[in-house]
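Shown next, in structure tokens, is the structure this report addresses.
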Amino acid sequence: MSTLLVALPLPPGGAEKFEGFVAEVNARLEDHARSRTQLGVTQEVCAIQDMPDGGKLFILCLGGDDPVEGNRLFAASQQAYDRWFKDNVGPIFNINFDEPIPPISRTVFDWRA
């Protein structure tokens with residue numbers, strides 16, 4: 001399994017907005033699972049890290065055979081759930097998710113048992 005990691009600063013109030021969005025995603029978990037399966041994503045983990053300066057950092061981990069390709073497919077998707085997801089999460093980060101998230105991180109260590 002390959003992994004794509006993304007870390008983004010959250011704007012003020014973004015953590016609370018994202019947590020509210022996650023509640024909506026959980027209410028649509030079957031749609032979410034169907035979407036991610038079609039994209040080849042087998043794992044999705046989101047975390048919010050409190051920073052020493054009081055800011056917050058959003059951390060996303062996508063796993064699958066090719067999560068970078070899954071990200072590209074998600075950006076191109078116009079499926080109803082994916083459209084809803086992008087339209088609602090994009091404003092939280094001020095990001096257009098119709099464009100793939102660039103691979104802005106590089107893995108420097110990856111140990112697995």
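Quick note: the coordinates plus some simple rules give every number you see, no bench work behind them. In this text, all values refer to a predicted model and were calculated from it rather than measured experimentally. Backbone-built Cβ (ideal geometry, glycine too); neighbour counts: all protein chains shown.
Site pair Asp50 and Asn94 shows an inter-label distance of 2.4 nm when each label is modelled 7 Å from Cα along Cα→Cβ. If a paramagnetic tag sat 7 Å from the Cα of Leu57 along the Cα-Cβ line, which residues of the stretch 79-113 would have the backbone N under 16 Å from that point? Correct set: 104-109. Fewest-first ordering of Thr42, Thr107 by other beta carbons within 10 Å of each residue's beta carbon gives Thr107, Thr42. Taking a Cβ cut-off of under 11 Å around His32, the surrounding Lys, Arg, Asp and Glu residues balance to a net charge of -2, with basic ones at +1 and acidic ones at -1.
Of the trypsin sites (Lys or Arg not before Pro) found in the stretch 22-113, those in coil by DSSP whose Cβ has at most 10 other Cβ atoms within 10 Å are Arg106, Arg112. Summary value for the chain: 36 percent relative contact order, contacts being C-alpha pairs under 8 angstrom separated by 6+ residues.
Sorted fewest first by neighbouring Cβ atoms within 10 angstrom, Ser77, Ser2 come out as Ser2, Ser77. Over the C-alpha atoms of the stretch 45-103, the Rg to Rh ratio, Rh being the Kirkwood estimate, stands at 1.01. 3J(HN,Hα) along the stretch 77-83: 5, 10, 4, 3, 5, 4, 4 Hz, from the Karplus curve 6.51 cos²θ - 1.76 cosθ + 1.60 with θ = phi - 60°, whole Hz, x for Gly and Pro.
Taking other C-beta atoms within 10 angstrom as a stand-in for reagent exposure, Leu29, Leu62 fall in the order Leu29, Leu62, fewest first.
The calculated FRET efficiency for Ser105 paired with Leu29, based on their beta-carbon distance and R0 = 30 Å, is about 0.65. Computed from point charges on the beta carbon alone (+1 for Lys and Arg, -1 for Asp and Glu), the dipole magnitude for the chain about its Cα centre is near 80 Debye. Counting every pair of alpha carbons in the chain, the share spaced more than 18 Å apart comes to 52 percent.
Positive end of the dipole of the stretch 2-92 (Cβ unit charges, origin at the Cα centre): among Gln49, His32, Leu60, the Cα lying farthest that way belongs to His32.
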